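Heads up: the structure comes next, in structure tokens.
A short reminder: the numbers here are calculations on the coordinates, not readings from a lab. These numbers were taken from a predicted model, which means no experiment stands behind them. Don't worry about glycine lacking a Cβ; one is built from the backbone with ideal geometry, like all the others, and counts go over all protein chains shown.
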Amino acid sequence: MPLPSLLVFANTDHAIITWRYTQPIADCVGFAIYKKKAGQADALAVPLNNRIPYAGQKFTPGDQQPSTEWPFQRVLWSDFSVLTGDQVQYMVVPMLLDKSQQQPRLNADQHNASAWSPVVTIGTGTTYQAYFNRGMVSSQFFARGLTEVSKQAGKKGATVKSVVTGPDSPLRSLLGGALSKELFALLDGIIADGKTQVYGALYELNQTELIDKLCKLGKRAHIILANGTGSAPGSKKKSKTGDENAAARKTIKKAGVNVYDRIVNASQHFAHNKFLVITDTGGKPLKVWTGSTNWTANGLFAQVNNGVLVNIPAMAQNYYNEWLQIKAAGGDYPATFINYNKAAFGAGPRVWFAPTPAQADLADANKLIDGAKNGILFLIFNPGPKNTLFNTLQTMQSKNPDLFIHGVVNQDPGTGGNKLILFHKGKTLSSNWDDIIAQNIKDNTSFWTKEPKELVTIHSKVIVVDPFGANPVVMTGSHNMGPKASGKNDDNLILLFDPALAREYAANILAVYDHYRWRYSVLNKASKFKGLQADPDWMANYHIDPAETKFFGW
């Protein structure tokens, strides 16, 4: 049977559907994906919609048709139409070209249809709860939303900044996804209980609701607040002793929050953590929130980020103990502080805090990467030029070409050169982000809505080893995966070994990677892409890849 394998996995934001065929299917011009709720009759299943028309077909931005009419010419798709708590199943059906018709007309190939997938739940776990946003403002969904906001306001002045820094709105909420919703809800629950305390170490703070919630916590909030990059937002000048967070610092201090200033030399160090320890009502550390998300408007809404709530009291205690070390360090980096971080904290699930001597955190991560059996996925922001975990991944791929390794690196815009690096099975593809926004892929996306541009697109820091294997690993936190994060900055790198969590992060990485890789492919195959092809030859580009087959466990 040409289509024996279907794999579905999900997180709080979306489901990933991927499928494998053993040989090309005659006259197949794509696939329809059907979805139904768990327990529903097959007759109630509906096809997912596609927004890409046939080449040359009249098209209005935002149009969509069922995939039975505009089939997916892909073997992996992200379903963003699901909601947290949904329990769903999927089926993939090849769509065959009816050659007796002058216009493209398709017939479902039920003989080669997949079976229904097992039920997948859109949500997260209990011990580890991972959350993701949709912070891709250079996208069609945001461009269309921005146009609509401008129309509703009777003006053309809606901007990325006005949406992400403004009050709550459907468009801002869409960008923030489950990540912003959960962080807000977490703090609201703490405010309401009247007893819980929080201990946070924050690099940047300017998001208005988060500031307001800290103010409502008052003396129950204990916040080590750094000076960020050492310059105010929007400033092109960085100061060694400047304070990016001056306004927020003044506001939360006035509200009674216990604020501990960590003003470091920003030309040498970043106090880069973004973690929050939550106690039980008796004051004992109970759980900890960590991840890549700065407590800023951009961090929540305009960059790709993640957050994870770890419901392990021992791990929360480790973060609280580090909080005490940072507090004692003031604005300095004494030897006692760095020496405290010389080893990981925790058995099994563990966390490294930086700065640490001799890059011991990177050595631990390198060993876990070296143990990969099937493949590795990653999103990394600004790791540095050498001796980074991205360099490790490149070396690992060259030594083990059978491993399926891919992901995205977003370089700091201040470093110049190529700002977006796509890595796929040994190939490094570099592009300036300017090149792959819709208006600059001119011939092939003329039917798209003009997109806004942001310089930092991928801010997440995560590596997932063997997410579909027997021993998966998730590495995340605030750590940029390079020597500066290890030896100079305040940072945390948490290492977790949970299969369900690994698949949640895998779903996020694959969707983000796919967003950028497709654009890069369109840009560099400009003469070929004009829309869907009414031609079964499209399948020739989707040959069976042994590394991918092994990675997904087929």
>> I need the phi-derived Karplus couplings for region 475-484: 6.51 cos²θ - 1.76 cosθ + 1.60, θ = phi - 60°, integer Hz, Gly and Pro marked x.
In response: 10, 7, x, 8, 5, 7, 6, x, x, 5
>> List the residues, sorted by chain then number, that are 5 or more residues from Val82 or on another chain and whose placed amide H is less than 5 Å from its amide H.
In response: Ala15
> Karplus couplings for region 335-346 from phi (6.51 cos²θ - 1.76 cosθ + 1.60, θ = phi - 60°), rounded to Hz, Gly and Pro as x?
Replying inline: 4, 4, 5, 5, 5, 4, 8, 6, 9, 6, 10, x
> Simple spin-label model, 7 Å along Cα-to-Cβ: Glu148 to Asp261 in nm?
Replying inline: 4.6 nm
>> Could you order the peptides 191-199, 169-177, 371-379 from most to least packed, using the average number of other C-beta atoms within 10 Å per residue?
In response: 371-379, 169-177, 191-199
> If Lys and Arg each add +1 and Asp and Glu each add -1, what is the summed charge of the other residues whose beta carbon sits under 15 Å from the beta carbon of Asp98?
Replying inline: -2
>> Between Thr336 and Ser430, what is the label-point separation in nm under the 7 Å Cα-to-beta-carbon projection?
In response: 4.5 nm
> What are the ³J(HN,Hα) values, in whole Hz, obtained from phi via the Karplus relation 6.51 cos²θ - 1.76 cosθ + 1.60 with θ = phi - 60°, for each residue of region 182-187 in sequence order, with x given for Gly and Pro?
Replying inline: 6, 5, 4, 5, 4, 5
>> At a 10 angstrom cut-off on C-beta neighbours, averaged per residue, how do the peptides 490-497, 404-411, 315-322 rank from highest to lowest?
In response: 490-497, 404-411, 315-322
> Taking a 23 Å limit on the Cα-Cα distance, which of the listed pairs Lys161/Lys254; Lys399/Lys484; Lys250/Lys274; Lys274/Lys425; Lys195/Lys216 fall beyond it?
Replying inline: Lys161/Lys254; Lys399/Lys484; Lys274/Lys425
>> Using the basic label-point model (7 angstrom from Cα toward the beta carbon), what is the Val119 to Asn321 distance in nanometres?
In response: 4.2 nm
> Of (i) 1.08; (ii) 1.03; (iii) 0.97, which one was derived for Rg/Rh (Cα atoms, Kirkwood Rh) from the structure shown?
Replying inline: (iii)
> If you count, for each residue, the other Cβ atoms within 10 Å and average over each peptide, how do 302-312, 75-85 line up from highest to lowest?
Replying inline: 302-312, 75-85
>> What whole-number distance in Å separates the alpha-carbon centres of region 141-187 and region 273-346?
In response: 29 Å
>> Nearest 10 degrees is fine. How inclined is helix 499-523 to the longest principal axis of the chain, computing both from alpha carbons?
In response: 60 degrees
> So for Lys342, Lys287, fewest C-beta neighbours within 10 Å to most, what's the order?
Replying inline: Lys342, Lys287
>> Using only DSSP helix segments of four residues or longer, with each worth -39500 (n - 2.57), what per-residue ellipticity at 222 nm results for the chain after dividing by its residue count and rounding to 500?
In response: -8000 deg cm²/dmol
>> Check which residues have an amide H placed less than 5 Å from Gln207's amide H, if you skip close sequence neighbours.
In response: Thr296, Ala297
